[in-house]
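The values are calculated or read from the model by the stated rules, or taken from the named source; none is laboratory data. Not measured: the values here are computed from a predicted model. Using ideal geometry, Cβ is built from the backbone for each residue, glycine included, and neighbour counts are taken over all protein chains shown.
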Amino acid sequence: MRFFETHLHDENGTLALGVALSRALLPGLVLYLHGDLGAGKTTLTRALIHACGYVGAVKSPTYTLLETYELHFGPDTVELVHFDLYRMGSPEEFLDAGFREYFTHNNICIVEWPEKGDPVLPAPDLDMVIETEGHGRHIKLHALSEQGSLCLSRLHFAPNL
Ligand code: ADP
Ligand code: MG
């Protein structure tokens, strides 16, 4: 499966998609999240991280640029790295900070404002775009690799319209 899109009627819709996505995740995935300020990128990611069993607060990495979470997928431990590159000054900053080293075959990386990391940010498996639509949101998910495609085929989401 290469593409999925849906309307998210309200915040609960975004939270429900985060839960559904958490069940479709695979180690090593890189997810890009495009969308304006306030689109719902952090809301979606927060729901996903909590649905993976993380109990603490999930803060927006607005100033820290990234936050890491240790998640347990059955017997396996996976590190999820949540980036927000909005305040990153330049792509060189990404390289100098060693951020590329977080992109391993085992880590899951979710990146808000991926355009700020162009061209040094590793390519995504799943490219997502959230836009305002009426009072809610519209989200598109594009698989750009075999792993991304596998993730989309594992995604079971029935919007509550
Ligand atoms: P971003 O990280 O994209 O800047 P946030 O997730 O921080 O955005 O904020 C999104 C805002 O939009 C929150 O106030 C949230 O309650 C709201 N929101 C999230 N999803 C929806 C939706 N589907 N419909 C309407 N409002 C939403
Ligand atoms: Mg955000």
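Data overview
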| item | result |
| --- | --- |
| Among the residues listed as His82, His50, the single one being out of contact with any strand residue (DSSP E or B) (no Cβ under 9 Å at 6 or more places or on another chain) and buried (at least 18 other Cβ atoms within 10 Å of the Cβ) | His50 |
| Hits in region 39-58 (condition: assigned to a loop (DSSP other than H, G, I, E, B) and away from ligand 2 (no atom under 15 Å from the Cβ)) | Cys52, Gly53, Tyr54, Val55, Gly56 |
| Among the candidates Glu67, Glu93, Glu101, Glu131, residue that is over 16 Å from Tyr32 (Cβ atoms), of a type in the set (D, E, K, R) and outside any helix (DSSP H, G or I) | Glu67 |
| Residue match in region 94-104 (condition: without any contact (Cβ under 8 Å) to a residue 60 or more places away in the chain and acidic (Asp, Glu)) | yes |
| Test set (1) part of a loop (DSSP other than H, G, I, E, B); (2) within 13 Å of ligand 2 (Cβ to nearest atom); (3) of a type in the set (Val, Ile, Thr) - Thr14 fails condition number | (1) |
| Exclusive hit being in a loop (DSSP other than H, G, I, E, B), surrounded by 20 or more Cβ atoms within 10 Å (Cβ to Cβ) and modelled with pLDDT of 95 or more, set Pro27, Pro61 | Pro61 |
| Criterion: within 15 Å of ligand 2 (Cβ to nearest atom) and of a type in the set (Asp, Glu) - qualifying residue of Glu112, Glu92 | Glu112 |
| Flag for Arg137 being assigned to a strand (DSSP E or B) and buried (at least 18 other Cβ atoms within 10 Å of the Cβ) | yes |
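For (1) within 12 Å of ligand 2 (Cβ to nearest atom); (2) more than 19 Å from Val19 (Cα to Cα); (3) at pLDDT 95 or above, each residue gets a yes or a no:
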residue: Leu37; (1), (2), (3): yes, yes, yes
residue: Pro75; (1), (2), (3): no, yes, no
residue: Tyr86; (1), (2), (3): yes, yes, yes
residue: Gly98; (1), (2), (3): no, yes, yes
residue: Gly117; (1), (2), (3): no, yes, yes
